[in-house]
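Structure record follows, encoded as structure tokens.
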């Protein structure tokens, strides 16, 4: 039985397509993992959807550039629901949550190992 395990790449590509389709901004650059990127509109069709998209560079009508991640928060900014300042704040909060939960999980596992070793020795 084969299991499809490239769901992160597929999600990032799906969010890129949503941002490209419904954005108030123009997508001028797509950056992928390992430093790969695309600039022109014609070569975006050649992008391998299995390559992980890490950042999108958007430009508005005044030629202001904005760098967003291909996620739900980036989609909210691209559709105009939130400002760029609010986007950055939400992104920092999301990063803080991931780091906090990771550290909490690691601490819990370390405590469990410590008490198990103390109990069985």
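Within the range 17-35, identify whether any single residue is surrounded by 13 or more Cβ atoms within 10 Å (Cβ to Cβ), over 14 Å from the mean Cα position of the chain (by Cα) and modelled with pLDDT of 95 or more, and answer yes or no.
Checked the range 17-35: no residue is surrounded by 13 or more Cβ atoms within 10 Å (Cβ to Cβ), over 14 Å from the mean Cα position of the chain (by Cα) and modelled with pLDDT of 95 or more.
Can you go through 48, 6 and tell me which one is out of contact with any strand residue (DSSP E or B) (no Cβ under 7 Å at 6 or more places or on another chain), more than 19 Å from residue 80 (Cα to Cα), surrounded by 11 or more Cβ atoms within 10 Å (Cβ to Cβ) and at pLDDT below 85?
It is 6.
Please tell me if residue 59 is outside the structural domain of residue 90 (by TED's automatic domain parsing) and modelled with pLDDT of 90 or more.
yes
Any idea which residue in the range 54-86 is farthest from the chain's Cα centre (by Cα), counting only those that are part of a helix (DSSP H, G or I) and within 19 Å of residue 29 (Cα to Cα)?
84
The values are calculated or read from the model by the stated rules, or taken from the named source; none is laboratory data. Computed from a prediction, not measured in an experiment: that's the story for all the values here. A quick note on method: Cβ atoms are made from the backbone with ideal geometry, for glycine too, and the neighbour counts reach across all protein chains shown.
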